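Scroll down for the structure; my scribbles are underneath it.
The values are calculated or read from the model by the stated rules, or taken from the named source; none is laboratory data. None of the values given here were measured: they were computed from a predicted structure. Every residue, glycine among them, receives a Cβ derived from its backbone with ideal geometry; neighbour counts consider all protein chains shown. Each accessible area value is taken on the protein alone, full model and side chains, heavy atoms only, with ligands, DNA and RNA left out. Shrake-Rupley method; radii C 1.70, N 1.55, O 1.52, S 1.80 Å.
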Amino acid sequence: MVILGIETSCDETAAAVWAHDRLAVNKIASQEVHAQFGGVVPELAARAHVQLIAPIVESALLEANINKRELNGIAVTYGPGLAGALLVGLNFAKAMALALNIPLVGINHMEGHLFSNSVLESGPQPPFLCLIISGGHTQLILIRNWGDYQILGRTRDDAAGEAFDKVAKMLDLPYPGGPAIDNLAREGDASYLKLPKAKFKDGDFDFSYSGLKTAVLYQLQSLDGAERARRKADIAASFQYAAVEVLIENSLRALAKNNLNQLALAGGVACNSYLRKRLQEECGKTGIELFIPPPILCTDNGAMIARAGKFYLENSQTSDFSLSPKPSLSFE
Ligand code: KG4
Ligand code: ZN
């Protein structure tokens, strides 16, 4: 089975080739244009996808040493994401699949993330819990079976990555803020600021980051300029502690409540070194098997889309060519 995977839901133009039961090539072009605006500008993302999609697909096939006529199908993200950005990848995939007379498989981007731990190795086996933490999403998902999912918890406001990006902005750190906070926090004292951890009524696995973000803002405003500059690493560490511990607490509670012993991470925030270290400790103590993709498969990529496409193609579940982008596509 040879599958091309295409991902253009946000600001990464990505293409990957899955060939003969392994990942052959995984190409990602991150769009630099957004850094100057401190966040993704949807219209600029769509325009950049238009410029990047054909060359990236071509170079992926070339590097994989695959002729497009060898492809058995094309998997492409059709939602959730930015409408204009999704449209570019989906239209490209449709045109190519039509021209080659091969099946098209529309993939839910979030489901793609669920498959990210299964790209390089066999990965977790259902049932398992997946914590998807990115710039746009924060979800705890129960995978009963591949294709059968239940959202156990989600953010009620900002996504985890969005909170990292916004707090980084307050600290004058570059965009995207997650890696910058992660690095700075290594030298910081996490007990410097007392920050709130949002909790909902018993048994609820939802998240909230807007209160934490506002608390950081107010505490920053109460510090004078010199103190703020001197304590930057301590502020980053205090925020990171509060942001990450709540992810861990909710995941461990959801695992226990649902009698699960495998936890998988996905999404850009899964690159966070403090989160990785703390989860390894906690899962070690409780006998939970922990799966974390390598950083290149945490952030948006075509490999996870191709891998999800393999599952659907093998089950003969393909998409109609009338498929349109679904910016608010959910699991349920
Ligand atoms: O999954 P992703 O590449 O894109 C989507 O949002 O779909 O995730 C990007 C997010 C950004 O908010 C970025 O700041 C965050 O992941 N991120 C991190 C780290 N690396 C990336 N957050 C915390 N620590 C990191 N090391
Ligand atoms: Zn994503």
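Here are a few things to note about the model shown:
- A crude spin-label estimate for the pair D21 and L120, with each label 7 Å from Cα along the Cβ direction, gives 2.0 nm.
- Amide H contacts under 5 Å for E289: Q262, L263, restricted to partners 5 or more places along the chain or on a different chain, H placed in the peptide plane at 1.01 Å from N.
- Computed extension length for T214-N145: 21.0 nm, one decimal, from 0.36 nm per residue of separation with the Cα-Cα distance subtracted.
- Comparing C283, C130, C298 in a Gaussian network model of the chain (Cα springs below 10 Å), the most mobile by mean-square fluctuation is C283.
- Ranking by accessible area, most exposed first, for Y209, Y241 with a 1.4 Å probe: Y241, Y209
- Estimated distance in nm for a label pair at E249 and E289, the labels positioned 7 Å out from Cα along Cα-to-Cβ: 2.9
- If the chain linking Q51 and K68 were pulled fully straight, counting 0.36 nm for each residue of separation and taking away their Cα-Cα distance, it would gain 4.1 nm.
- Residue list for the stretch 293-311, given a label point 7 angstrom along the Cα-to-Cβ vector of R186 and an amide N cut-off under 18 Å: 295-296
- Summed over the residues of the stretch 140-259 and divided among them, the accessible surface reaches 47 Å² per residue at a probe radius of 1.4 Å.
- The fraction of accessible area contributed by carbon and sulfur in the chain is 50 percent, rounded to a whole number (1.4 Å probe; ligands and nucleic acids excluded).
- Axial C-alpha extent at least 15 Å, average Kyte-Doolittle at least 1.0 - helices from the chain (DSSP): 83-100
- Once the chain from L223 to M170 is taken as fully extended at 0.36 nm per residue, the excess over their C-alpha distance is 17.8 nm.
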